[in-house]
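A short write-up of the structure that comes next.
The values are calculated or read from the model by the stated rules, or taken from the named source; none is laboratory data. Quantities reported herein were computed from a predicted structural model and do not represent experimental measurements. Please note: Cβ atoms are built from the backbone with ideal geometry, for glycine as well, and neighbour counts cover all protein chains shown.
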Amino acid sequence: MPNIDTWAANPARGGRAGPGNMLGRLRAAAAAAPLVLGNGNFYTANDLQPRAEAAVVVDGRITFVGATPDALRRAPPGARRIDLHGATVLPGLSDAHAHLSGIGARELSFNLEGTKSLAELQKALRKRAAGGQPGTWLTGSGWIESRWSPAVFPTRQDLDAAVADRPVVLERADGHSLVANSQALQRAGIDRNTSDPPGGSVLRDATGVPTGMLIDNAMSLVERLLPPPSAQETARALEVGARRSVQLGWTQLQIAGNSFDEVEQLCRLYAAGRIQLRLYDAIYGPSADAERLLREGPDPQHCGGKLAVRGIKLYIDGALGSRGAALLEAYSDSSGSRGLLVNQPDRLFPLLTAALRRGIQVQTHSIGDRGNRIMLDLYARAFAAVPAGQRAVAEPRWRIEHAQILSPADIPRFAQLGVIASMQPSHAISDLFFAPARLGPERLRGAYAWHSLLNTGAIVAGGSDAPVEKGDPLVEFYAAVARRSVQGFADANWHPEQRVSRSQALKMFSVAPAYAAFQERDRGSIEVGKLADFTVLSTDIMSVPEPQILTSHVVMTIIGGEVAYAAGDAPAAR
Ligand SMILES: [Zn+2]
């Protein structure tokens, strides 16, 4: 464990600093100066050397991992030194599935995250509307009804009661449904004669009149009327989203779908020094941008190397909360409905074979057991149609995003096909409040089945799906190991046997996302030769009682040997 005496014997010993100008000083000193991190409690995620207390960084890469006195001896002249005073150091954590502009937009806009009741939503809506322009659109997002009492979707009448003189559109936290008030429906021309678009549904009351809830592809009936965000607003959202992610301890975020426009905005932000977070990017498809990526091929070192563009993000179905997830059998709480396919599998097939030939990674949102089976079948068909010799990359590492509800027969197919399960532990601890009603007890056995997937040898990459969820690595880690709500609740329906060990959870947010991004040589563990990305925590989350994982905090986030975030209690570099 940390040898404070050795460190203290060195004249360059670090001390604690207040929040003040320390970060600015670190940034100024940063650039190329070598760095020694000493007296830390390192968990490396490298099985050959799982623990350490120090690391040396030169030119943004790790050159030594081991004991503090040895690190000090190997430190090049002029190295900055940070005495970690026993803080816990993890490999720089990666969020394998998130929506960066959405994270920023949630921070900047009308945020209904955590709304505890319909009355609270209405109160917030009234307050937001006060003083606004009658007739202009009022938009917001982040509500989720599953913990309200009663747990029912809001209606246009509920919104009208709060705001009737302007069109209101409020997106559910999962982004797969929205509720609109009467004026918004009227402007969109939605009435009892409106039919459901393919892959979408307009919910109706007993008399056939729309309730205001629009699911999946039906959302665009009103969303197309909304003024799109300006380039400036998007840039601001990206910057705010990146800053928030770094503060929460993420060193990389894998963007689950955007456009080349957004990619170029990100490049401008990197060039201006406004983003430090690393990014791995998937372009939404099918689209003209996805076709462009297929023509141009992957670019793993875009904008100076911090952004890799090499994926296409597809959707096959909707979400469980809004009953859009495609199920093999009907929903247990809605007779007859089996969910929605938002894309037709046969129409995706040419894109899949082109992606294999070009070395593009495909990642498909699949929630229901039918959605997952369809995509596993489709991937298998594409792999057979384009054998290894005809591929740009022999190991395509395609991914299923969410892999949420699986027929037990499909669980071993991930490892067999070499398909990565990209899963978000917090979804389980949010959804398990309503999933038993939607699915019934039998189907829960293959739901959020992290442990079963790992047992079959599948790679499980962990993410947060922020802004659908909070986007906090400590919540994700806790959810993966505790599989309880943040208040500690769980029952037999929550299938505790699907919990993972702490070292498995650590790998879900380090080694596995690196592999899922073709970056395992550069990232994912604290190892000589790898990029110097570290997440430093106040608490040893690998050993404390579960509730204390949630009360830990991020002390520092280090990206490429530079301190990208330091909390007020962070030790200073000397
Ligand atoms: Zn997502």
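Below are the figures for this structure:
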| item | result |
| --- | --- |
| Subset of the stretch 383-399 [outside any loop (DSSP other than H, G, I, E, B) and either over 28 Å from the mean Cα position of the chain (by Cα) or at pLDDT below 95 (or both)] | ALA384, ALA385, ALA388, GLY389, GLN390 |
| Single residue of the stretch 335-382 satisfying the filter (more than 23 Å from PRO300 (Cα to Cα) and of a type in the set (Val, Ile, Thr)) that is nearest to the ligand (Cβ to nearest atom) | ILE367 |
| Among the residues listed as GLN247, GLN252, GLN232, the single one being surrounded by 18 or more Cβ atoms within 10 Å (Cβ to Cβ) and outside the structural domain of ALA180 (by TED's automatic domain parsing) | GLN252 |
| Test: residue in the stretch 373-382 that is closer than 15 Å to TRP450 by Cα and free of Cβ contacts under 8 Å to residues at least 60 places away in the same chain | no |
| Test result for ALA492, at pLDDT below 95 and surrounded by fewer than 24 Cβ atoms within 10 Å (Cβ to Cβ) | yes |
| Scan of the stretch 421-474 for residues that are within 16 Å of the ligand (Cβ to nearest atom) and part of a helix (DSSP H, G or I), ordered by number | PRO425, SER426, HIS427, ALA428, SER430, ASP431 |
| Filtered residues of the stretch 439-468 (kept if surrounded by fewer than 24 Cβ atoms within 10 Å (Cβ to Cβ), among the charged types (D, E, K, R) and in contact (Cβ under 8 Å) with a residue 60 or more places away in the chain) | ARG443 |
| Residue, farthest from the ligand (Cβ to nearest atom), within the stretch 232-259, restricted to residues that are assigned to a strand (DSSP E or B) and out of contact with any helix residue (DSSP H, G or I) (no Cβ under 8 Å at 6 or more places or on another chain) | THR251 |
| The listed residue being farther than 23 Å from SER538 by Cα, among the aliphatic types (A, V, I, L, M) and in contact (Cβ under 8 Å) with a residue 12 or more places away in the chain, out of ILE82, ILE103 | ILE103 |
| Boolean, SER337 is under 24 Å from VAL179 (Cα atoms), of a type in the set (Ser, Thr, Tyr) and crowded, with 20+ Cβ neighbours inside 10 Å | no |
| Any hit, the stretch 175-194, residues being outside the structural domain of TYR315 (by TED's automatic domain parsing), among the acidic types (Asp, Glu), at pLDDT 95 or above and under 30 Å from ALA428 (Cβ atoms) | no |
| Some residue of the stretch 150-159 being within 16 Å of the ligand (Cβ to nearest atom), among the small types (Gly, Ala, Ser) and modelled with pLDDT under 95 | no |
| Total residues in the stretch 207-224, condition more than 17 Å from SER259 (Cβ to Cβ), under 28 Å from the mean Cα position of the chain (by Cα), not in a strand (DSSP E or B) and not polar (S, T, N, Q) | 4 |
